[in-house]
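Participant: Below is a structure I'd like to ask you about.
The values are calculated or read from the model by the stated rules, or taken from the named source; none is laboratory data. All values derive from a computational prediction rather than experimental measurement. Virtual Cβ from ideal backbone geometry, glycine too; neighbours counted across all protein chains shown. The accessibility values were calculated without ligands, DNA or RNA, using every heavy atom of the protein model including side chains. Shrake-Rupley method; radii C 1.70, N 1.55, O 1.52, S 1.80 Å.
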Amino acid sequence: MRLGELVLEGGAALAPMAGVADRAFRQLCREFGAVYTVGELTSARGLLQGSRKTEALLEMGPEERPSAVQLFGDDPEVMARGAEAALRFSPQVIDLNMGCPAPKIAGNRAGAALMKDPELASRIIRAVKKASPVPVTVKFRKGWDENHINAVEFAKMAQVSGADAITVHGRTRSQMYAPPADWDILRRVKAAVSIPVIGNGDVDSPQAAKALLEETGCDLVMVGRGALGRPWLFGQIAAFLRDGTLLPDPPIEERMAVMLRHIRLMEQYKGPQVAFREARKHCGWYMTGIRGAAALRRQAGTIGSMADAEALAQAAIDLYHGRGPWEEDTI
Ligand SMILES: Cc1cc2nc3c(=O)[nH]c(=O)nc-3n(C[C@H](O)[C@H](O)[C@H](O)COP(=O)(O)O)c2cc1C
């Protein structure tokens, strides 16, 4: 698909995930073949107040591009000024969050709450579009709840308001992340607008990525939770979309090397204190599918240094090959 000067094709995009898809993870996913990445949701107001913590969310490296910053807020003027401030980080795209279900955000008229106020949403899109020299996109949901499913009307509103593309997550706000995503709403949105549509929800395999594209006609598929602990999924999706090749998961040694590289990148970008604390959940995800994963996850929850992470990687490799600690007991 085309987005301004960008041509995004041949694979999947990485979904924005606050607290997870940070610079390190975005870079890793991009290296494995993600065609586009979106940063963590960031408060436009926080940005204007000069919050250092907020600004840090927008830092993006050359390795992760093409990339969008994602802003949230409920005030058109603040969002427009926030977009201007975000341009300092040279994003290729500005994405507007109109789908976040978290009470802290949706409880304050922002995020998914904007789906209940399309008029305000439209004013926000128009204001940001006017302020931004780069494409402006909007990410939203199926609707607020089962009684307020308005993704099609919302998509048309976004288009008329100037959005260059939209991303739709096939769940309502009240569904949060639980039941299966509704891909039919993606198909209906795609049929209703002429701007590119990125389809999102429950894609966790190359086959699912292809199925979403075929069933909905969407221009690009976006993957979130499916990539946690397995950024190589993007390479598998790209290969399958290219010619139907199903690449196996990398061998355990390689998977653990990826995990260690991931943690080193986090350490580099966030410093050891934050990095090792935040790396614990990622390490837990990298353990998924390994025999004895529960014990490994417990170990993952305690890492505090690179040496701890290396010991975890070795324990996972040993367990995988059936060289668990129990064998030492029996020697
Ligand atoms: C931990 C987590 C954090 C998320 N943070 C954001 C966010 O900052 N902005 C956003 O638009 N969506 C966010 N989402 C939603 C995802 O981008 C995506 O729409 C959702 O997870 C569905 O896709 P999936 O089934 O591939 O995970 C988040 C989801 C998760 C699980």
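Participant: What helices (runs of 4 or more DSSP H) completely inside the stretch 227-331 contain at least 3 residues that are in the same structural domain as D202 (by TED's automatic domain parsing) and under 23 Å from A13 (Cβ atoms)?
Facilitator: Because the criterion is at least 3 residues that are in the same structural domain as D202 (by TED's automatic domain parsing) and under 23 Å from A13 (Cβ atoms), the helices (runs of 4 or more DSSP H) in the stretch 227-331 that meet it are 233-243.
Participant: Residue by residue through the stretch 230-244, note down the ones that are within 13 Å of the ligand (Cβ to nearest atom) and either open to solvent by less than 10 Å² (accessible area, probe 1.4 Å) or at positive phi (or both).
Facilitator: Initial filter on the stretch 230-244 (within 13 Å of the ligand (Cβ to nearest atom)): 230, 233-234, 237.
Within the stretch 230-244, L233, F234, I237 qualify.
Participant: Select from the stretch 200-209 the residues that are part of a helix (DSSP H, G or I) and open to solvent by less than 40 Å² (accessible area, probe 1.4 Å) and write down the one among them that is farthest from the ligand (Cβ to nearest atom).
Facilitator: P206
Participant: Now for a different question. Out of all the residues in the stretch 6-26, which are within 23 Å of K129 (Cβ to Cβ) and either within 11 Å of the ligand (Cβ to nearest atom) or free of Cβ contacts under 8 Å to residues at least 12 places away in the same chain (or both)?
Facilitator: Result: V7, A13, A15, P16.
Participant: Being of a type outside the set (S, T, Y) and closer than 12 Å to K139 by Cα narrows it down to one residue among A112, A83; which is it?
Facilitator: A112
Participant: Considering only the stretch 1-14, state which residues are in contact with a strand residue (DSSP E or B) (Cβ under 7 Å, 6 or more places away or on another chain) and surrounded by fewer than 24 Cβ atoms within 10 Å (Cβ to Cβ).
Facilitator: M1, L3, L8
Participant: Let me ask something additional. Given V160, V168, V136, V128, which one is within 25 Å of L6 (Cα to Cα), open to solvent by 60 Å² or more (accessible area, probe 1.4 Å) and aliphatic (A, V, I, L, M)? Steps first, please.
Facilitator: Values: V168 fails: open to solvent by 60 Å² or more (accessible area, probe 1.4 Å); V136 fails: open to solvent by 60 Å² or more (accessible area, probe 1.4 Å); V128 fails: open to solvent by 60 Å² or more (accessible area, probe 1.4 Å).
Only one candidate passes the filter, namely V160.
Participant: Taking the criterion of being under 18 Å from L28 (Cβ atoms), in contact with a helix residue (DSSP H, G or I) (Cβ under 8 Å, 6 or more places away or on another chain) and not charged (D, E, K, R), would at least one residue in the stretch 318-330 satisfy it?
Facilitator: There is no residue in the stretch 318-330 that is under 18 Å from L28 (Cβ atoms), in contact with a helix residue (DSSP H, G or I) (Cβ under 8 Å, 6 or more places away or on another chain) and not charged (D, E, K, R).
Participant: Could you tell me which of the residues L212, L247, L220, L260 is of a type outside the set (S, T, Y), open to solvent by less than 70 Å² (accessible area, probe 1.4 Å) and out of contact with any Asp or Glu (no Cβ under 8 Å at 6 or more places or on another chain)?
Facilitator: From the options L212, L247, L220, L260, the qualifying one is L212.
Participant: For the stretch 275-293, give me each residue that is open to solvent by less than 60 Å² (accessible area, probe 1.4 Å) and modelled with pLDDT under 95.
Facilitator: I290, G292, A293
Participant: Next question, about the same structure. Kindly check whether there is at least one residue in the stretch 188-199 that is surrounded by 15 or more Cβ atoms within 10 Å (Cβ to Cβ), closer than 13 Å to K142 by Cα and away from the ligand (no atom under 16 Å from the Cβ).
Facilitator: Yes, the stretch 188-199 contains a residue that is surrounded by 15 or more Cβ atoms within 10 Å (Cβ to Cβ), closer than 13 Å to K142 by Cα and away from the ligand (no atom under 16 Å from the Cβ).
Participant: Can I ask one more? When the residues of the stretch 72-101 are narrowed to those that are aliphatic (A, V, I, L, M) and over 14 Å from G46 (Cα atoms), which ends up farthest from the ligand (Cβ to nearest atom)? Quick ask: steps written out before the conclusion?
Facilitator: Filtering the stretch 72-101 for residues aliphatic (A, V, I, L, M) gives 78-80, 83, 85-87, 93-94, 96, 98.
After this cut, where a residue has to be over 14 Å from G46 (Cα atoms) as well, the list is 87, 93-94, 96, 98.
Values: L87: 19, V93: 13, I94: 13, L96: 9, M98: 8 Å.
Among those residues, the one meeting the criterion is L87.
Participant: Then there is this: Tell me, please, whether a residue that is hydroxyl-bearing (S, T, Y), under 15 Å from the mean Cα position of the chain (by Cα) and under 30 Å from Y286 (Cα atoms) can be found in the stretch 200-211. Quick ask: steps written out before the conclusion?
Facilitator: Pass one, the stretch 200-211, residues hydroxyl-bearing (S, T, Y): 205.
Those left that are additionally under 15 Å from the mean Cα position of the chain (by Cα): none.
Within the stretch 200-211, not a single residue is hydroxyl-bearing (S, T, Y), under 15 Å from the mean Cα position of the chain (by Cα) and under 30 Å from Y286 (Cα atoms).
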